[in-house]
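Remarks on the structure that follows.
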Amino acid sequence: MVEVQETMKIIVAIKQVPDRDAQLRIDSQAKWIDEADLQFALNESDAYALEEALQLKEKHGGEVVVVSAGPERIGQTIREALAKGADRGINIACDDLGSLDALGVARLLAEAIRSENADLVLTGLQSEDLGLGQTGVILAELLALPHASLILHVEKTDTGLKVKRELEEGWFQEIELPLPAVLTIQSGGNKLRYATLMGIKKAKTKEVRALASADLGASPAPVVTLERVTLPQKQKTTQILPGSPQEAAKALVEKLKFEVRVI
C-alpha cells in the first residue's frame, strides 16, 4: 500500500523595508525618512517566514504564494521571493501603505488571500521599519483562523502542526495547532537561502497577480499620522555583565546575537 502525502498551499506575507545598511535621512517635513535614492530589501523576519514555507514545501510538496502590498517598487521584492523558490506572487498596489495602521494592512492582505483557501499563512513577527508586530495577529482574527507567534520551527503532523515558540530568558514552548492556521515567524530559526541563477531566470516567468487596494473592498481603517520622525541620538554606554567568566561570556554572546545582531 502506497501512502499518499497531502500537499500544502502556503501563503507568505512579505514586506519591503529600507535596507538595514542604508544611510537614513529625515525628509524635509520631518514626517518620515527621505526615500530618494534609498535601497530597499525584504524584511528580515519575513525572509525567515519564506524560508520556513519553502522547507515545508520541499518536505511535503504543494505551493508557496507570496503576497505584498505597497508601491510599484515592491515588485522587485516579490521577484526576489520567487527567485528563492516561491511559485507565484500577489502584488497589491497601495501607494499610501504608510498611512494605514496594522488593521488596515491586515484587511488588505485578508481580502487578497481569502479566496486562496490556503492551508497555512505565514508572516514575519514584525517589520524592521515600524516594528508594530500586530499585522499577522490581526490577519488571523480577520480570517478566523488559529494563530501562534514567535515561531522558530514548524513541523507538519497527521492532525495539523507542531510548532516551536521562543519565550523569554531562553525558554521555548512546543504546541500543536490544527490546519488551516496563521503563524508569525521569528528570525533565526533557519539558515536563509540565496537565490540561484536558475531561480532568478525562472522568476521572470512566474505569475504575479496584480491587485489594486481600492478594488479589494476592504473596509476603511484608521489612518496613522506621524507627527515627527527623528534619528536616534548616538551615545556610548557601558554594561557590566555579572557572574563567572563563563556566565559573562554566555551572556555576551546572547546580547551580540539577539540585541546587536552581529553574529
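A compact table of results
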{"quantity": "Considering residues of the stretch 152-197 that are part of a loop (DSSP other than H, G, I, E, B) and within 13 Å of GLU52 (Cα to Cα) only, the residue modelled with the lowest pLDDT", "calculated": "GLY189"}
{"quantity": "Single match in GLU207, GLU254, GLU247 (criterion: within 22 Å of ILE113 (Cβ to Cβ), among the charged types (D, E, K, R) and at pLDDT 85 or above)", "calculated": "GLU207"}
{"quantity": "Cross-chain or 6+ apart pairs with Cβ under 7 Å, the stretch 204-218 first and over 17 Å from ILE74 (Cα atoms), then of a type outside the set (Lys, Arg) and surrounded by 12 or more Cβ atoms within 10 Å (Cβ to Cβ)", "calculated": "LEU216/LEU108; LEU216/GLU111; LEU216/ALA112; GLY217/GLU111; ALA218/LEU108; ALA218/GLU111"}
{"quantity": "So GLU166, is it of a type in the set (D, E, K, R) and either surrounded by 15 or more Cβ atoms within 10 Å (Cβ to Cβ) or under 26 Å from VAL253 (Cβ atoms) (or both)", "calculated": "yes"}
{"quantity": "Tally, over the stretch 221-258, of residues that are among the basic types (Lys, Arg) and either exposed (fewer than 12 other Cβ atoms within 10 Å of the Cβ) or more than 27 Å from the chain's Cα centre (by Cα) (or both)", "calculated": "4"}
{"quantity": "Filter result for ILE200 (assigned to a helix (DSSP H, G or I) and of a type outside the set (S, T, N, Q))", "calculated": "yes"}
{"quantity": "Top-ranked residue of the stretch 74-99 - restricted to ones that are part of a loop (DSSP other than H, G, I, E, B) and at pLDDT below 95, ranked as surrounded by the most Cβ atoms within 10 Å (Cβ to Cβ)", "calculated": "CYS94"}
{"quantity": "Any hit, the stretch 45-60, residues being among the aliphatic types (A, V, I, L, M), farther than 17 Å from CYS94 by Cβ and more than 20 Å from the chain's Cα centre (by Cα)", "calculated": "no"}
{"quantity": "Top-ranked residue of the stretch 100-151 - restricted to ones that are more than 13 Å from the chain's Cα centre (by Cα) and assigned to a strand (DSSP E or B), ranked as farthest from ARG209 (Cα to Cα)", "calculated": "ALA148"}
{"quantity": "Which listed residue, of GLY217, GLY243, is over 26 Å from VAL66 (Cα atoms) and either among the small types (Gly, Ala, Ser) or in contact with a Phe, Trp or Tyr (Cβ under 7 Å, 6 or more places away or on another chain) (or both)", "calculated": "GLY243"}
{"quantity": "Search result, residues across the stretch 1-54 that are in a loop (DSSP other than H, G, I, E, B), of a type in the set (S, T, N, Q) and within 21 Å of GLU155 (Cβ to Cβ)", "calculated": "GLN5, THR7"}
{"quantity": "Single match in SER187, SER213 (criterion: in contact with a Cys (Cβ under 8 Å, 6 or more places away or on another chain) and surrounded by 10 or more Cβ atoms within 10 Å (Cβ to Cβ))", "calculated": "SER213"}
{"quantity": "Pair list, Cβ < 6 Å and 6+ apart or interchain, from the stretch 113-129 residues that are touching a residue at least 60 places away in the same chain (Cβ under 8 Å) and buried (at least 21 other Cβ atoms within 10 Å of the Cβ) to residues that are of a type in the set (D, E, K, R) and in a helix (DSSP H, G or I)", "calculated": "GLY124/ASP46"}
{"quantity": "Qualifying residue in the stretch 6-17 (condition: of a type outside the set (A, V, I, L, M, F, W, C), under 21 Å from ALA218 (Cβ atoms) and surrounded by fewer than 20 Cβ atoms within 10 Å (Cβ to Cβ))", "calculated": "no"}
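The values are calculated or read from the model by the stated rules, or taken from the named source; none is laboratory data. Note that the structure is a prediction, hence the values are computed from the model and not measured. Note: ideal-geometry Cβ built from the backbone for every residue, glycine included; neighbour counts use all protein chains shown.
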